[in-house]
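Down below is the structure, laid out as structure tokens.
The values are calculated or read from the model by the stated rules, or taken from the named source; none is laboratory data. Computed from a predicted structure; not experimentally measured. Methodologically, a virtual Cβ is constructed for each residue, glycine included, from the backbone with ideal geometry; neighbour enumeration extends over all protein chains shown.
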Amino acid sequence: MATFDITVLMTFAVLWAAIVPTPGANSLLVTHLALTRGWAHVLYAIAGNMAGIFLLAMCALLGMALVLEAFPWLRLAVHVFGGGYLIYFGARLLGRARRPAAIETEQDLTSEPVRPGWKTVGLGFATALSNAQAIVFITSIFAVSGVLQANVFTGLGCIAIMIILNATYLALLGWLFLRPTFRSVYLRFRRWIEGTIGVLFVFFGARLVLKELARL
């Protein structure tokens, strides 16, 4: 019979709830999709994102952080790949922002050709995995809250808490930016908003790579 350490679960839930609203690539992606696409693509991205977070959390639970520490070349490769992906995505947004505005109304925005749902799921998954350093971060939170010393059921319960809290936060964020007020602001300042989001993606990617290079 599965048993859970309630104290560990509650401690972890409180710590993770404080961490979830921290701005990052995942929230930027959902914000961008909410402003430029629709509710369906926000949910697709969240689904892919949660799959990526689940994988990162399982790696943390299984001690992957120790593997990355033991093999610096592997850690560097993972960080360069992840950072490079964020820089690439940000550069695409910057290129889009430089083009003359072609979207003038809400109807134009919602009628734009969109990628298939499975591609948005993949985009959410790749964005989550791009921050491989999250394995080390999650491991530290697991250690502080006692997850690493608890049984496997408690560990899986903490991962479930992660998924629920992250998905809820991103869904609320997506809902907020799907409101007509935010969309009208986006339509008015599209180039500035996409440019800003693009710069932030490039910043996150460059910071990820540079911090790892500084460790060498």
Residue within segment 119-130 that is loosely packed, with under 14 Cβ neighbours inside 10 Å and either under 18 Å from A77 (Cα atoms) or at pLDDT below 85 (or both) present: no
Filtered residue count, segment 1-45, keeping only those that are at pLDDT 90 or above, under 17 Å from G198 (Cα atoms) and either surrounded by fewer than 20 Cβ atoms within 10 Å (Cβ to Cβ) or polar (S, T, N, Q) (or both): 3
Where C59 falls short, out of the listed (1) touching a residue at least 60 places away in the same chain (Cβ under 8 Å); (2) under 18 Å from F142 (Cα atoms); (3) over 19 Å from the mean Cα position of the chain (by Cα): (3)
Any hit, segment 172-188, residues being crowded, with 20+ Cβ neighbours inside 10 Å, more than 14 Å from L56 (Cα to Cα) and modelled with pLDDT under 85: yes
3 or more residues within 15 Å of P23 (Cα to Cα), touching a residue at least 24 places away in the same chain (Cβ under 8 Å) and touching a Ser or Thr at 6+ places or on another chain (Cβ under 8 Å): qualifying helices (runs of 4 or more DSSP H) within segment 118-216: 152-177, 190-214
